[in-house]
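The numbers here are math on the coordinates, done by the rules we state, and not lab data. The shown structure was predicted, so the numbers you read here are calculated from the model rather than taken from an experiment. When we count neighbours, we look across all protein chains shown, and the Cβ atoms used for this are built from the backbone with ideal geometry, even at glycine.
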Amino acid sequence: MADNREIYLSAKGLTKVFGSGSQKTVAVDHVDIELYKGEIVSIVGESGSGKTTLAKMLLGLISVTEGEVYFQGVKRDIRTQKKKQEYWKNIQAIFQDPFSSYNLFSKIDAVLLDCINMRGGRKLPRAKKIELMAEACSFVNLKWEELTNKYPFELSGGQMQRLMIARIFLLKPKILLADEPTSMIDACSRATILEMLMNLRDETGMTVIFITHDIGLAYYVSDSVYIMEHGKFVESGSADAVILHPQEKYTRRLISDVPKIHEVWDLSTV
């Protein structure tokens, strides 16, 4: 049966090589991927597996050594800054470290106003802009009145990540790439952030890509899972198929490394 889902983002033969000669490192090695509208995908691998490098290529933050990226079926063209900005209206990211994700000299008002302006709202009345910013803050359980005229560094880590989601609420991109978005915040905030991302997907229909080493998180949130090792996808499929019926030794090891509170921990592989 044909798959009639709309492909938002795809890549064919995507490769990234750093260095040359004896110093050459192949970080991503001829990767193919297809991401569908409204789908939640996790790319899972250990540190150094190439998942963050892949994410940066999909975002257009670093150059591609070989291969092509396609957005809604059309080969991506980001050769000029103007074309990059147009592309970034459709694909945005939330990064691992909320403390380094903001300009220290920009107040929260400016951070959110930039999002409104990017979506063509530069000429809106000031009152309407405040209404939009307040709505975005309310979506992530923050109060605009308590944020205005403050700097991001005056917030906690969890609040900063929620502010990042408020940005995404305003921008409404077609694709959100979340690179370890909960790894630097406490467990209570982690569950809240994940719930907000799921709500955002439900409200806007965006595609969400999680970059993570946490295979438990991948199983909990994902429709599809890609397992990455040494720059290549070694296994992929639905979350149930990959996590409950893994075929590859590497996938089985990632699953076995997840601590279980009712069993004695095996630290022999650490």
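Report ³J(HN,Hα) in whole Hz for each residue of the range 251-258, in order, from the Karplus equation J = 6.51 cos²θ - 1.76 cosθ + 1.60 where θ = phi - 60°; Gly and Pro get x.
With the stated coefficients, the range 251-258 comes to 4, 4, 5, 4, 5, 5, 6, 6 Hz.
Any of Lys107/Lys128; Lys83/Lys150; Lys89/Lys143; Lys82/Lys150; Lys24/Lys89 with alpha carbons more than 24 Å apart? Name them for me.
Lys83/Lys150; Lys89/Lys143; Lys82/Lys150; Lys24/Lys89
Please give every one of the aspartates and glutamates within straight-line cross-link reach of Lys174, meaning a C-alpha to C-alpha distance under 14 Å, and leave out same-chain neighbours fewer than 8 residues apart.
Leaving aside aspartates and glutamates fewer than 8 places away in the same chain, those within reach of Lys174 are Glu6, Glu39, Glu86, Asp202, Glu203.
Tyr151 label point, 7 Å along Cα→Cβ, cut-off 11 Å on backbone N: hits in the range 92-122?
Answer for the range 92-122: 103-108.
Each residue of the range 118-123 in order: what ³J(HN,Hα) in whole Hz does its phi give by Karplus 6.51 cos²θ - 1.76 cosθ + 1.60, θ = phi - 60°, with x for Gly and Pro?
Once θ is set to phi - 60°, the couplings for the range 118-123 become 5, 8, x, x, 4, 8 Hz.
Using mean Cβ contacts within 10 Å as the protection proxy, how do 174-181, 107-114, 143-150 order, highest first?
Per-residue Cβ counts within 10 Å, averaged per peptide and sorted highest first, yield 174-181, 107-114, 143-150.
Calculate the radius of gyration of the Cα atoms of the chain to one decimal place, then report Dmax, the largest Cα-Cα distance, as a whole number, both in Å.
That works out to 19.4, 62 Å for Rg and Dmax.
So if I restrict to the alpha-carbon atoms in the range 1-140, what is the Rg, and what is Dmax, the biggest pairwise distance, in Å?
18.3, 60
Using alpha-carbon pairs under 8 Å, 6+ residues apart, how would you state the relative contact order of the chain in percent?
25
Given a Förster distance of 35 Å, report the FRET efficiency between Arg122 and Glu195 from their Cβ-Cβ distance, rounded to the nearest 0.05.
Efficiency at R0 = 35 Å is approximately 0.65.
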